[in-house]
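What follows draws every value from the coordinates through simple rules; no lab data is involved. Computed from a prediction, not measured in an experiment: that's the story for all the values here. Heads up, the Cβs are rebuilt from the backbone with ideal geometry, glycines too, and the neighbour counts pull from every protein chain shown.
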Amino acid sequence: MARLIKTEKEVEGRYSEQWVVVEEDALEQWPEGPLRTVGRPATRVDGLARARGEARYTQDIQLPGMLHAAVLRSPHARARVKQIDLTPASELAGVRGAVGPGELDVLTDEPNYEGEAVAAVVADTADHARAALEEISIEWEVLEPLLDVDQALARESFLSDPKLYERGDIERGFAEADVVVEAEYRTQSVLHNALETHQTICEWEGETVNVYTSTQWLWGVRDEVAAAFDLPKDKVRVICRFMGGGFGAKGSAGDYTMIAAELARRTGRPVHCRLDRREENVNSGNRNPTIQKLRLGARSDGILTALSADYVCLLGWDGWLPPTAGPVQMLYACDNVRTVEYGVRLNSPPMDAFRAPGFVEGTFGLECALDELAAKLDLDPLELRRRNHADHDPLDERPFSGKQLMECYRRAEPHWERRHEVHARADGPWKHGVGIATQLWYGGGGPPSYAWVRLAGDGTATVLTAMQDIGTGTRTAMAQIAAEELGLPVERVTVELGDTAHGPYAVVSGGSSTTPSMGPAVRAAAGDVARQIREIAAQRFDVEERVLSLAEGKVINADGGSWLLEEITGLLEDGQILGKGARGPNPAGMRVMTYGIQVAEVAVDVETGEVVVERIYAVHDIGRVINPLGAESQIEGGIIQAIGHSLSEQRLLDPRSGKVLTRTLDAYKLPTIADVPEIVSELVDVPDAHLTNLGSKGLGEPPIVPTAAAIANAIRDATGADVRSLPITREEMLGALHEADERRRVPERVGAAPA
Amino acid sequence: MVVELTINGNAYELEAPVGRTLAEVLRLDLGLTGTKIACGEGHCGACTVQLDGVPVLSCITLVHTVGDREVTTIEGLREHPLVEAFVEADATQCGFCTPGQIVTASALLAANASPSDDEIRHAMAGNLCRCGTYPKIERAIHTVAGDGGGS
């Protein structure tokens, strides 16, 4: 019987209550350690299709009669359209339609940031469409943009009410402290720059609209389009079989989808609306900049007595306040904590989720400040972290569902010990150092998420679920899970995903939630099929069901003997055995998080300010690991993005006009292969005993969280300089070195002065 | 304006206006969509193809400048050992940059059968990968080089 219960759901730190239907006979977790398929390295099931250039991304789809849209975006950070006439554009040869403000919700005549959509045209080719934009007659009244953060704070220009959090007595905490550290940290805006830009093709078929889109969440796009066009939800079919990267910025439909849908409706032809790279760098989301004022107090033995943090998050015109204070609130046991977060609204392009939003920024400040504290206490930074380990969730004393952070610390120890030999590498202006930083993040996933499995007469299985693989390898992980449960080699499992018409509802690929949400559903569906196979085999061969198990493509009788799976499924010829599975609830009254620590080794040229990251060691706890090979790639990818964020990437805004200056991949510096250090990684790989039938958490985000702080701490170790602002450009580095020199000189002068 | 091309050993003759890029012809006119466009202005390497074995950025190569040089795209390299090596090393994540990476890497190996780490990094630095598969790309290239390398 289906049982209805209420459970807590979390996506990127945002909690909500969720009704969920629970199956009575949930599967027991598999034993710890590598199994036949799960826990062993698997190459990607779609690797060949991608490497051979056969995988069709949204950008590769050409539908018969397809038209192309281009969007007129505001060139001003704040302005009013005094007059607009689309006719000169509409009348051009090859132009098939145009849409302006007032005709579609995503188009405005009062833009509040550069790049906000004002109008769109659709034409036979993308070139025609872009050329037609130039012919739109438009008269602007340019208004003064709000860009200065101090002005915005004074005016209380907030997107939401400032968020205050307090526990204990912060003043008492500081009074009890023997040592106090106080510092300001700043993080910059960085841009996602997935290589496939944001884009959608829409095509109407009667009352249904087919939406081919590069997305992290098919079902979110479905719901948004259905609401915008007043359609029953399943009259919107969303398709994304291969997706060229998202990193958080492709979680919603976007103006381009609405424009494509409307222009397709008007013209009766498929319409492709694709952002070009320059639009992508202005208008497709960003990691919001932060200004962080931190104050930490500790007793002389290192025990934290007070943590206080003010965060000013420059969100832009829209978006939401990410959980920037999360690390200060949750990473360490501390009785007295006070945080305030301000979500400042400015006339700059809206932020969007970017791989562990909030925690990347908040961890940078906290973990740098902690090392400054360790220096003042003359205490080993790793030991300081151990002494303040949180055994329970400090927010509400809930137990953590599974936490192997102390084991991560243990494994990191020998890498941290390398610092003595690393220091000895100092050569001329090049100084070498080692730094650490701890990480926690969410990643438990949750319901609702469903999967179906069908087993064919030839003994091959197909997993159907309308999830997406955004490049993280979830297609492969799901194949492994189904293969494990069915006792099949992974080659005999196909995973069909990426189409809301072909499979049940699935979770967003964000918040490190895909594997922990979908994996248990896939296992449950495969388990449903496995149970039926045992039942059928028991009848066919007149044995007891309880003695039967599935392995190596066979049904195995514990009393001796086995049958090929096909001997059973083959009886059905083209008949299929169908299974269904749902993601169960998260453990009640527990906090599900992911953990880890990274150790960075850097070299700094103290004359030029050049910083080279030479080695990163990473160890993370995400519960059970499904695919160690794919997991290693996720860790490397997160670290490499973090190196970009730490050293080279920065969206620059013109402070007067609010225009984005870094619009190309020439101006905006992504890491290249030549910037990659040695990366050594491992995973603790102990299943979270309380979490679902799988015990797995997500890994998409954890690896990007601690890297920047580890690098900054390594720089301090190498040079004595405190870098407190990202990115650590040469200018920033030289400034920090200069400050460190000044600090060293002041005591000398004091000492030299005559009494 | 008529243009004659040899692509992956096949001869093509088609109409292309002045100003049409090689990438547009490949993708839009010939349906060879393995060549990707990620920036469209020569900054990222996703559109890399070879002209007479030399990697070029097809998004900023005008098709009428190709002349009689042989065009090789990822579709012409599907049986190259690098393809399998990329899969084995897990050098694809989202995979959008992967065809361009393989096209560049195959030109490298053709010119230098056993490149050093530095030579790989130098040759591959123009091919961006936002997912961060770089360590695996390096491993994949070394694997093929270890096998005797390239063509």
What Rg and what Dmax come out for the range A:93-146 when only alpha-carbon atoms are used, in angstroms?
-> 12.5, 40
Computed E for residue A:161/residue A:318 - FRET, C-beta separation, R0 22 angstrom, nearest 0.05 | 0.85
Quick one: of the DSSP bridges fully inside chain A, what percent are antiparallel, nearest 5?
-> 80
Under the helix-only model (-39500 (n - 2.57) for each DSSP H run of 4 or more, divided by the residues of the protein assembly as shown), the mean residue ellipticity at 222 nm, to 500 deg cm²/dmol, is -8500 deg cm²/dmol
Could you state, as a whole-number percent, how many of the C-alpha pairs of the protein assembly as shown are farther apart than 37 Å?
-> 48
How long is the gain from residue A:293 to residue A:458 if the chain were fully straight, where each residue apart is worth 0.36 nm and the alpha carbon distance is subtracted?
-> 53.1 nm
Residue A:18 paired with residue A:420, simple spin-label distance in nm, labels 7 Å along Cα-to-beta-carbon = 4.9
Of A:9/A:403; A:6/A:403; A:293/A:376; A:669/B:36; A:403/A:554; A:431/A:669, which pairs sit farther than 27 Å apart, going by alpha carbon to alpha carbon?
-> A:403/A:554
Which residues in the range A:128-143 place their backbone N less than 14 Å from a point set 7 Å from the Cα of residue A:82 along the Cα-to-Cβ direction?
-> A:138-143
Calculate the tail of P(r) for the range A:643-755: the fraction of all Cα-Cα distances greater than 26 Å, expressed in %.
-> 47
Starting from the Cα of residue A:745, step 7 Å along the direction of its Cβ; do the same at residue B:2; then give the gap between the two resulting points in nm.
-> 7.7
Charge-dipole axis of chain A as Lys and Arg at +1 and Asp and Glu at -1 on Cβ define it, positive-most pick from A:676, A:254, A:589 | A:676
Within the range B:2-73, what percent of beta bridges assigned by DSSP are antiparallel, to the nearest 5?
-> 85
Would you mind working out the magnitude of the charge dipole of the range B:2-73 relative to its Cα centre, with +1 at each Lys and Arg C-beta and -1 at each Asp and Glu C-beta, to the nearest 20 Debye?
-> 280
Net charge over other residues, Cβ less than 12 angstrom from the Cβ of residue A:32 (K, R count +1; D, E count -1) = -1
Hey, got the dipole for the range B:77-146? About the Cα centre, +1 on K and R Cβ, -1 on D and E Cβ, debye to the nearest 20?
-> 200
Full extension between residue A:607 and residue A:573 adds, at 0.36 nm per residue less the Cα distance, a length in nm of 4.7 nm
Quick one: net charge of residue A:274's neighbours, Cβ under 14 Å, K/R +1, D/E -1?
-> -1
Please name which of A:170, A:536, B:146 has its Cα lying farthest along the dipole of the protein assembly as shown towards the positive end, using unit charges on Cβ (Lys, Arg +1; Asp, Glu -1) and the Cα centre as origin.
-> A:170
Based on Cβ point charges of +1 for Lys and Arg and -1 for Asp and Glu, what charge dipole magnitude is obtained for the range A:97-169 about its Cα centre, in debye rounded to the nearest 20?
-> 260
Taking θ as phi - 60°, what are the ³J(HN,Hα) couplings along the range A:202-211 by the Karplus curve (6.51, -1.76, 1.60), each to the nearest whole Hz, with x for Gly and Pro?
-> 10, 8, 8, 10, x, 8, 9, 10, 8, 10
Space enclosed by the convex hull of the alpha-carbon atoms of the range B:2-73, per residue, Å³ = 74
Mean per-residue count of partner chain Cβ within 10 Å for A:191-197 equals 6
If you add up the charges near residue A:252, with Lys and Arg at +1 and Asp and Glu at -1, over every other residue whose beta carbon is less than 9 angstrom from its beta carbon, what do you get?
-> -1
How high is the relative contact order of chain A, in percent, counting Cα pairs under 8 Å that sit 6 or more residues apart?
-> 16
Specify which residue in the list A:83, A:461, A:572 is farthest towards the positive end of the charge dipole of the protein assembly as shown, using unit charges on the beta carbon of Lys, Arg (+1) and Asp, Glu (-1), about the Cα centre.
-> A:83
Expected sort for A:521-533, A:691-703 on mean C-beta neighbours within 10 Å, highest first, is A:691-703, A:521-533
For the range A:412-546, fraction of C-alpha pairs farther apart than 19 Å, in % = 61
Hey, what did the range B:77-146 get for relative contact order, percent, Cα under 8 Å, at least 6 apart?
-> 49
Give, in nm to one decimal, the length gained when the segment between residue A:103 and residue A:154 is fully stretched (0.36 nm per residue of separation minus the Cα-Cα distance).
-> 14.8 nm
Answer check: the range B:77-146, Cα atoms, Kirkwood Rh, Rg/Rh ratio of 0.90
Starting from the amide H of residue A:659, placed 1.01 Å from N in the peptide plane, find each other amide H under 5 Å away whose residue is 5 or more places distant or on another chain.
-> A:654
Among A:78-90, A:603-615, A:337-349, A:104-116, what's the highest-first ranking by average C-beta atoms within 10 angstrom per residue?
-> A:337-349, A:104-116, A:603-615, A:78-90
Of the GluC sites (Glu not before Pro) in the range A:481-580, which ones lie in a loop per DSSP and count no more than 11 other C-beta atoms within 10 Å?
-> A:544, A:573
